[in-house]
Structure formats: structure tokens, C-alpha cells
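Take a look at the structure below.
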Amino acid sequence: MGIGIASIGVELPKNKVPTSVIAEKAGLPKKIYDRLECIEIWQAQPEEDPTTLGVHSARKALEEASVKPEDVDLIIANCWNAEYHMWQFSAKVQDEVGAINSTTLDIYGGCNALGAMLLIAYDQLRADETLENVLIVCSEQLSGGTFPQFIGDGACSIVLNRKANQLQLKEFVQITDKLPELGLLEKGGTKVPFTNETEFNGSIWENVKFNMDKFKKEIKPFVYNMTAEALQIACDKYGCRVEDLDRIFMVHQQKYFSLELMKHLGVPEDKTPAHYIEKAGHFGGHDVFITLKWAIEDGLVKKGDLLGCIIFGQMEFYGFILEY
């Protein structure tokens, strides 16, 4: 018995959209579309806001773990694209599920945020023996994006506790390099405050400046090595080899990225269930646990399996080992 993941709750919108429709609207060249190998994504309707999806996934996770809301000690939540500005997502989850005795903590970040959330939850459970249950909630509504992968909407929650007898956390590492300033909303901060003369047309995303030159120089040449290194270090600390892992789960990029990374690691392509990218695309850091949930349900993971997981974004990488 040890600290581990007692449950995974997933909540997805009702509507699925063919990515060909999104690609056509965005004017995405067919060559790039074919390379992404994503056929459809989930896309939320107006009433399916990120908090609603997140709360539903949290309730599912608590029910699956047989944990009463009042027995949750800590809620850690992340939603990068929430329905309100400066929205305290974790506190709203606490109120909606009735976790009246929990402390709440918001983490604001993108694909790499779930790594930090897991690390905080794991360290809190190890440091404070009075804590029993930590609820982690991730939810995003970013659908419609086409670079560097198709992005869908959805939420995932997990319950960690110190008595989990499956999906036990065995090792956890974090590595990082320089954080490039790639996607910046340059107007509206303290550096360039909004004024009456500020020009701001279209959505927030249409005003984000993406620096392709920095991407090519500061991310693209190193991303395979850094992604692999996070998992390799976790394996070294645990005392196993990457080849000993039965399955490898990772944040969804392009399908070919997952398969190329397996080659980079020197393991067979089928170690990672990259086929899930075809029907789902990329949600955020919680890709890892949504696909892990599916893999367990589909019989791709069996009791006793040793699992490697990689969460990353903007040159921050987390590698961890789970035993099912």
C-alpha cells in the first residue's frame, strides 16, 4: 500500500466535430492535416463550460474512489481558459461537490500544469500524515486550434490517497530548460496596459503573438531529447529501464510525435496508445489520464503493469512511474 491514484473521472462534451471542418475553416494545408492524424475532437456547447465539465468529472472520480466529498482534504484545480477572468476554479469545485473540509489551490498553466499539480499533491500527502485524499481537477475549453495539434474540450479528475492499491506513484521527476516567450497576449498586462486607444479586435486567441522563430530555435531541436530525458531519469531513480515499462502515456501532440518518441527511446511503437489521438486530439496535460482511463477500460493495461507517464509544455517536463 502506498500513495497512489484511487480513481480517474472523465467528462467530455456531447458533441464531436470532424477535424476536417476545422481545418477547412482555418485554411490548413492538406499535407499538414494528414500529418496530424486526428479525425475528430470533442467540442463543448455554451452550456458545457469548463467548470461544469470539471465538476462532473470530479463527482465521477469521488464516486469511483468511494470517497465522500467531506473527506476530501485538498483540491488542486487548473483551467487555463476558464469562463470568467480571474476565476477561482478550485473554490467553485469545492462548493459544487460539497467538499466542505478541503483546502483549495488553483494552478494556472497550460499543458505542463498537471505535472505541478501531481507533484504538489504527492508531496503534501508524504509530508502531512493527517491528509488522506487529494482531488485534482483539470478542465479546458480550447477547441478549434490547429497548431501544433487539434485541440478538444474536456475535463479529467483524479483522487490521490495514501491507501491506493492500484496506480501507485513510484517515482516522480521534473526537469526544465529556458521557458521561451512564444505565445504572448501582449496587450492588457502591466507592461502594455489597456487604454482607450488600445486596438484589440477579435478573440483573445486572435491577439496572441506566436513567435515561430523562437519555436524553431528554442523548442523544436530539443523537444525529443528533453521529453525522453524526463522519463529516463524517472526510470533511473526507480531502478528500471525504459524497456521495462509496459505502456507509456504522454501529452498528445501529433500522432507521429508519439511514435517518433518511442523510436527515440528505443522501444516498440505500440508501447504508447497513440491511436487515441485520432479520436480525441489534445485536451491539455490531462491527455495522460484520459487515455490511461481508456486503456484500462480497453484492456490495454493489466494488473502488475509498470507504466511510464510524461507531461510537458513549453520546455517543462515531468516524468513519473506508476504501477497498476
Matching residues in the stretch 11-36 - criterion: being part of a helix (DSSP H, G or I) and of a type in the set (D, E, K, R): 24, 25, 30, 31, 34, 35
Residue ID - modelled with the lowest pLDDT, chosen from residues in the stretch 197-212 that are in a helix (DSSP H, G or I) and of a type outside the set (S, T, N, Q): 205
Residue that is farthest from the chain's Cα centre (by Cα) [pool: residues in the stretch 260-283 that are in a loop (DSSP other than H, G, I, E, B) and touching a residue at least 60 places away in the same chain (Cβ under 8 Å)]: 281
Residue in the stretch 221-254 that is surrounded by the most Cβ atoms within 10 Å (Cβ to Cβ), counting only those that are of a type in the set (Asp, Glu) and assigned to a helix (DSSP H, G or I): 229
Residue among 312, 257, 215 that is at pLDDT below 95, in a strand (DSSP E or B) and not aliphatic (A, V, I, L, M): 312
Subset of the stretch 183-206 [of a type in the set (Asp, Glu), loosely packed, with under 10 Cβ neighbours inside 10 Å and within 23 Å of residue 313 (Cβ to Cβ)]: 206
Subset of the stretch 131-149 that is in a loop (DSSP other than H, G, I, E, B) and polar (S, T, N, Q) - its residue that is modelled with the lowest pLDDT: 146
Of all residues in the stretch 108-130 being among the acidic types (Asp, Glu) and either modelled with pLDDT under 90 or within 23 Å of residue 88 (Cβ to Cβ) (or both), the one that is farthest from the chain's Cα centre (by Cα): 128
Flag if residue 20 is assigned by TED's automatic domain parsing to the domain that holds residue 159, surrounded by fewer than 20 Cβ atoms within 10 Å (Cβ to Cβ) and not acidic (Asp, Glu): yes
Candidate set from the stretch 297-324 (those that are under 19 Å from residue 109 (Cα atoms) and among the small types (Gly, Ala, Ser)); member that is surrounded by the most Cβ atoms within 10 Å (Cβ to Cβ): 319
Residues of the stretch 222-279 classified as basic (Lys, Arg) and under 30 Å from residue 17 (Cα atoms), total: 4
Qualifying residue in the stretch 138-156 (condition: over 29 Å from residue 37 (Cβ atoms), in the same structural domain as residue 87 (by TED's automatic domain parsing) and not small (Gly, Ala, Ser)): no
Sole residue being among the aromatic types (Phe, Trp, Tyr), more than 27 Å from residue 120 (Cα to Cα) and in contact with an Asp or Glu (Cβ under 8 Å, 6 or more places away or on another chain), chosen from 256, 224, 324: 256
Pairs where the first residue, in the stretch 284-305, is under 15 Å from residue 41 (Cβ atoms) and the second is small (Gly, Ala, Ser) and part of a helix (DSSP H, G or I), C-beta under 8 Å, 6+ apart: 284/113; 287/280; 290/280; 291/280
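The values are calculated or read from the model by the stated rules, or taken from the named source; none is laboratory data. Values in this document were obtained by computation on a predicted structure and should not be read as measured data. All Cβ positions, glycine included, derive from the backbone under ideal geometry; neighbour counts span all protein chains shown.
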